[in-house]
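The values are calculated or read from the model by the stated rules, or taken from the named source; none is laboratory data. If you're wondering where the values come from, they're calculated on a predicted model, not measured in any experiment. Cβ atoms come from the backbone with ideal geometry, glycine included; neighbour counts cover every protein chain shown.
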Amino acid sequence: MCLGVPYRVMESTAWIARCEGPDGELLIDLSLVGEQPVGTWLLTFLGAAREVIDAARATAINNALAALDAAMLGDTARIDALFADLVDREPALPDHLKDLQ
């Protein structure tokens, strides 16, 4: 299983950015996304930026990763708070399946 981790650009050159994220500061390879301005959020995997994302998506991914850590520690009380946008919502069928009901 691959897990992308959000990192925020603190300093950038053409191919490498110094970024901050859940594991502290890392140098991230920008070969796939190009040079990015300071403050940009990147979805990274194995030290390379795979996608430029917005702050809301970075927060959602960080919350999901925190919920995974909480579940592994048996701290299930925190999980609902980390998925607050999903707790009281009914699942919706995709448009292509709605006609099959």
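Key figures for this structure:
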| item | result |
| --- | --- |
| Residue, surrounded by the most Cβ atoms within 10 Å (Cβ to Cβ), within the range 42-68, restricted to residues that are of a type in the set (S, T, N, Q) and touching a strand residue (DSSP E or B) at 6+ places or on another chain (Cβ under 7 Å) | 44 |
| Test set (1) within 17 Å of the chain's Cα centre (by Cα); (2) surrounded by 11 or more Cβ atoms within 10 Å (Cβ to Cβ); (3) not in a strand (DSSP E or B) - residue 34 fails condition number | (1) |
| Residue satisfying condition, being of a type in the set (A, V, I, L, M, F, W, C), at pLDDT below 95, assigned to a helix (DSSP H, G or I) and out of contact with any His (no Cβ under 8 Å at 6 or more places or on another chain), within set 92, 77 | 77 |
| Number of positions in the range 6-31 that are surrounded by fewer than 18 Cβ atoms within 10 Å (Cβ to Cβ) and β-branched (Val, Ile, Thr) | 2 |
| Pair list, Cβ under 6 Å, 6 or more apart: the range 20-43 residue among the aliphatic types (A, V, I, L, M), other residue part of a loop (DSSP other than H, G, I, E, B) | 30/15; 43/4 |
| Those residues of the range 1-20 which are modelled with pLDDT of 95 or more and under 18 Å from residue 69 (Cβ atoms), in sequence order | 5, 6, 7 |
| Cβ pairs under 6 Å, 6+ apart, first in the range 53-68 and part of a helix (DSSP H, G or I), second buried (at least 17 other Cβ atoms within 10 Å of the Cβ) and modelled with pLDDT under 95 | 63/82; 66/82; 67/82 |
